[in-house]
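Asks: One structure is given below, represented as structure tokens, and several questions about it will come after.
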Amino acid sequence: MGKDSRKTIVYSALEVANICGVVNQTAINWIRNGYLKAFSTPGGQYRVYQDDLIEFMMKRHMRIPSDLVVEDKGDSAGTILIVDDDKGLNNVMAKYLTGKFPDFSICQAFDGFEAGVQFVEKKPDLVLLDLNLPGLDGFSLCSRINDSDEFGKPLVFIITSLNDEGLEEKVKKMGAKEFYRKPLNLVEVAGAIRKTLNIL
């Protein structure tokens, strides 16, 4: 399920409010003030396209529920999980990869514990994993991915701002496929994903 099929999913102002964790009137005010794109039904009710809601939430660095970004696994070619507590970067990567790989489900996790849940539930094919995470850190996750079948043995791309000597060698011994330092070159990362997953 790609971007066009997501575009047909619409939400009422109340559903937007529930997703964003605000009261209904706040969502209505966002729409009336032009902050959130919407259209009106013949009955005068506001409706918001899913893509417009995701874009609105990304711009405001709001936590995006996984079911807004992730499409049905049955309709996707595979799953890519992004694990980074930098919400801005995480959201930018999710949006970029969704555009580059529309047939893939793009999942997000913002800490190690949430990532563990996503690993078990989604069984991603590939994970972009930050090392410096709250909760269960990236080193522990990388080690568990390599040593256990519980996470489905995804390919691991490490993304980090750490500059420790020998770090790349260390994580590759733990099973990481690729290693990237921040700031990321998303074109390079996407190219490696395409090559690694044999995406035409």
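The values are calculated or read from the model by the stated rules, or taken from the named source; none is laboratory data. This one's a predicted model, so the numbers in the text were calculated from it and none came from an experiment. Heads up, the Cβs are rebuilt from the backbone with ideal geometry, glycines too, and the neighbour counts pull from every protein chain shown. Just the protein is used for accessible areas: all its heavy atoms, side chains included, with ligands, DNA and RNA removed. Shrake-Rupley method; radii C 1.70, N 1.55, O 1.52, S 1.80 Å.
Asks: In the range 128-149, what residues are out of contact with any Gly (no Cβ under 9 Å at 6 or more places or on another chain) and either within 16 Å of Lys87 (Cα to Cα) or part of a loop (DSSP other than H, G, I, E, B) (or both)?
Replies: Answer for the range 128-149, where residues must be out of contact with any Gly (no Cβ under 9 Å at 6 or more places or on another chain) and either within 16 Å of Lys87 (Cα to Cα) or part of a loop (DSSP other than H, G, I, E, B) (or both): Leu128, Ser148, Asp149.
Asks: So how many residues does the range 122-145 have that are surrounded by 15 or more Cβ atoms within 10 Å (Cβ to Cβ), at pLDDT 85 or above and either under 20 Å from Leu197 (Cα atoms) or in contact with a Ser or Thr (Cβ under 7 Å, 6 or more places away or on another chain) (or both)?
Replies: Residues meeting the conditions: 11.
Asks: Which condition number does Ala77 fail, the rest of (1) under 28 Å from Ile19 (Cβ atoms); (2) modelled with pLDDT under 90; (3) open to solvent by less than 10 Å² (accessible area, probe 1.4 Å) being met?
Replies: It fails just one condition, (3).
Asks: Please identify the pairs in which a residue from the range 123-151 that is free of Cβ contacts under 8 Å to residues at least 60 places away in the same chain has its Cβ atom under 6 Å from the Cβ atom of a residue that is outside any loop (DSSP other than H, G, I, E, B) and acidic (Asp, Glu), counting only partners at least 6 apart or on another chain.
Replies: Gly138/Asp130
Asks: With the requirement that a residue be buried (at least 20 other Cβ atoms within 10 Å of the Cβ), over 12 Å from the mean Cα position of the chain (by Cα) and closer than 24 Å to Arg194 by Cα, what does the range 107-121 give you?
Replies: Residue satisfying the conditions is Phe119 alone.
Asks: If the requirement is being farther than 24 Å from Asp164 by Cα and in contact with a Pro (Cβ under 7 Å, 6 or more places away or on another chain), which of these qualifies: Pro124, Pro65? Explain how you work it out, then say what you get.
Replies: On the way: Pro65 fails: in contact with a Pro (Cβ under 7 Å, 6 or more places away or on another chain).
Just one listed residue meets the conditions, Pro124.
Asks: Could I ask something else about it? Residues to consider are Phe157, Phe179; find the one that is of a type in the set (Phe, Trp, Tyr), part of a strand (DSSP E or B) and buried (at least 18 other Cβ atoms within 10 Å of the Cβ).
Replies: On inspection, the qualifying residue turns out to be Phe157.
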